[in-house]
Amino acid sequence: MSLAFKRLKVYLRVAVVVALASVLALVLYKNRDHRVAFWFFGITDEERKISVVLLLWTTAGATLIVAQIVRFMRGLVKDLRDVRRMKAEHAAAAVQASRAAELDERERLLTEKLAAHSREGRSTGEATNISAQGGANESRGES
């Protein structure tokens with residue numbers, strides 16, 4: 001973006017803010033002498049009239065407070081979803097870890113069985129081999 005375009009953009013934004021502030025000031029100025037009676041959940045006295053400007057400022061403040069509360073609640077709901085998702089991921093990881101441990105145990109048992117089987121085969125094979133060698137040595141006259 002060129003410098004001239006950025007400068008134009010900044011000045012336009014300033015002009016919009018000044019125009020909105022001017023409109024707000026004009027509305028407040030024109031309504032400074034007006035009074036109004038209103039009902040607010042029985043808290044206010046309908047016989048007593050208050051300034052419209054005070055009502056406008058109170059409404060604006062309440063709107064800002066409610067907007068903050070809504071923003072906070074949206075963040076809280078997002079955090080709750082994240083916690084629920086993380087809890088599910090941890091549960092899945094625990095299940096996977098237990099399955100991995102079970103498979104490791106099965107692999108260890110199979111390895112032990114194969115090792116025991118190969119030792120039995122080797123000891124039988126060695127005995128056969130020794131007896132065959134012994135028979136050959138005896139025929140040659142060696143012992």
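The values are calculated or read from the model by the stated rules, or taken from the named source; none is laboratory data. What you see is a predicted model, and the numbers here were worked out from it, not measured in a lab. All Cβ positions, even for glycine, are placed from backbone atoms using ideal geometry, and neighbour counts span all protein chains on display.
Key figures for this structure:
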item: Pairs, first in contact (Cβ under 8 Å) with a residue 12 or more places away in the chain in the stretch 49-71, second in a helix (DSSP H, G or I), C-beta under 6 Å, six or more apart; result: VAL53/LEU28
item: Any pair with Cβ under 7 angstrom, 6 or more apart, that starts in the stretch 9-35 at a residue that is in a loop (DSSP other than H, G, I, E, B) and ends at one that is surrounded by 10 or more Cβ atoms within 10 Å (Cβ to Cβ); result: ASN31/VAL52; ASN31/VAL53; ARG32/VAL53; HIS34/VAL52
item: Exclusive hit being at pLDDT 85 or above, out of contact with any Cys (no Cβ under 6 Å at 6 or more places or on another chain) and among the hydroxyl-bearing types (Ser, Thr, Tyr), set THR128, THR59, THR124; result: THR59
item: The stretch 36-70, subset loosely packed, with under 10 Cβ neighbours inside 10 Å and more than 45 Å from the chain's Cα centre (by Cα), residue farthest from ALA21 (Cα to Cα); result: GLU47
